[in-house]
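The values are calculated or read from the model by the stated rules, or taken from the named source; none is laboratory data. What you see is a predicted model; the values in this text were computed from it and never measured. Cβ atoms come from the backbone with ideal geometry, glycine included; neighbour counts cover every protein chain shown.
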């Protein structure tokens, strides 16, 4: 009986000592233990989980501008790449941090759509935008025609360049070295590399002080200092808007790749930077976009004060009435 009692006391003493030892090991010193981060990747979404003994809370920097809190968080990544992700386990007195590198192989499908991929020539392996668009000296590359004045239907007009189309060999040679690039990156950079001369519509050249009385022409390629102090290339940003057909009677289709897509696709360029030629606006409806062709339509409405620079009778004979709605067409080719 006494022997059994002694064994029981000894067992309780050992258990008590072990429990005290374990409590000592897990004692909350005010600073959490090491942080362990686990994660799973699903497309461009990553789910994270963190563990740290004695952590009061968790704060994250997901490397993409998102800074959520909590033991379980989720981040979305617009562009593929390697991201430095940090989790801070907060304690009562001090914090503990852990940083890992997370590889995201897919971007946001809304950004990496077929239109943006074709415009930018994005290389999935290198992450570089390789498409460079330029003028081609061929008949019908540049054209001009009337436009309806209704702002909500401007992108659904029938294609009409009945006023004028260029002939072969009449594009200014300086225009042929201009290059336009759509960068598919965090800043969505648009680059107009106009080299030494900037393409500008003849009417708008006059209004903006680049009028050459001896060469009124259809366009002028001038050393224009209106952008970035005349420094080339000039950089802004870009985006593409998909406009659904307005109703059953006013419809439009756009050739994207080898398919005809419903509605209109419009390139918006910021910072008053143009594509191809400076004119009345900075929005460009895509008429055809393939791996080697970019055909756009854009607003070229004549300035209200055009008569201050040209003889009104001469303008009337040319059909270029001040303030009259007008649109131009431009076919660019991808540089090989």
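Quick notes
- The set of residues from the range 252-272 being buried (at least 20 other Cβ atoms within 10 Å of the Cβ) and within 16 Å of the chain's Cα centre (by Cα) comprises 265, 266, 267, 269.
- Among the residues of the range 100-114, just one is surrounded by 20 or more Cβ atoms within 10 Å (Cβ to Cβ) and in contact with a strand residue (DSSP E or B) (Cβ under 8 Å, 6 or more places away or on another chain), namely 104.
- Here the condition is being over 23 Å from residue 289 (Cα atoms) and not assigned by TED's automatic domain parsing to the domain that holds residue 320; of 64, 174, it holds for 64 alone.
- Residue within the range 188-196 that is crowded, with 19+ Cβ neighbours inside 10 Å, in the same structural domain as residue 319 (by TED's automatic domain parsing), free of Cβ contacts under 8 Å to residues at least 60 places away in the same chain and touching a helix residue (DSSP H, G or I) at 6+ places or on another chain (Cβ under 8 Å) present: no
- Any hit, the range 161-177, residues being more than 15 Å from residue 327 (Cα to Cα), assigned to a loop (DSSP other than H, G, I, E, B) and under 24 Å from the mean Cα position of the chain (by Cα): no
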